[in-house]
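Enquirer: Here it is, the structure, as structure tokens.
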Amino acid sequence: MKVHVDWDLCEGHGQCEYAAPDVFTIDDEGQLEVLDETPDEGKRKEVELAVRRCPVRALAIGD
């Protein structure tokens, strides 16, 4: 699994961080950081939730 971020869409709302804190974080300037671009399958449900929660649809999962 690979996490894809559309950086032009991301507004740093942080919903992804709440859903998958081992994969996403918001830094001190309010910018998204992807901590793990290729999380293992055990985190798929969390990452899928993060994708669904993103209010601007900036996240996607690829394989």
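Enquirer: Checking ASP36 against (1) at pLDDT below 95; (2) at negative phi: exactly one of these is not met. Which one?
Expert: Here ASP36 clears every test but (1).
Enquirer: Quick check, is ALA58 of a type in the set (A, V, I, L, M, F, W, C), in contact with a helix residue (DSSP H, G or I) (Cβ under 7 Å, 6 or more places away or on another chain) and touching a residue at least 12 places away in the same chain (Cβ under 8 Å)?
Expert: Answer is no for this residue.
Enquirer: Take the residues of region 32-60 that are of a type in the set (Lys, Arg) and out of contact with any Asp or Glu (no Cβ under 7 Å at 6 or more places or on another chain): which is surrounded by the most Cβ atoms within 10 Å (Cβ to Cβ)? Before you say what the answer is, go through the steps one by one.
Expert: Applying the first criterion (of a type in the set (Lys, Arg)) to region 32-60 yields 43-45, 52-53, 57.
Then drop every residue that is not out of contact with any Asp or Glu (no Cβ under 7 Å at 6 or more places or on another chain), which leaves 44-45, 52-53, 57.
On the way: ARG44: 13, LYS45: 11, ARG52: 12, ARG53: 16, ARG57: 11.
Among them, the one singled out is ARG53.
The values are calculated or read from the model by the stated rules, or taken from the named source; none is laboratory data. Keep in mind that what you see is a predicted model, and the values were worked out from it rather than measured. Here the Cβ is made from the backbone with ideal geometry for all residues, glycine too, and neighbour counts use every protein chain on show.
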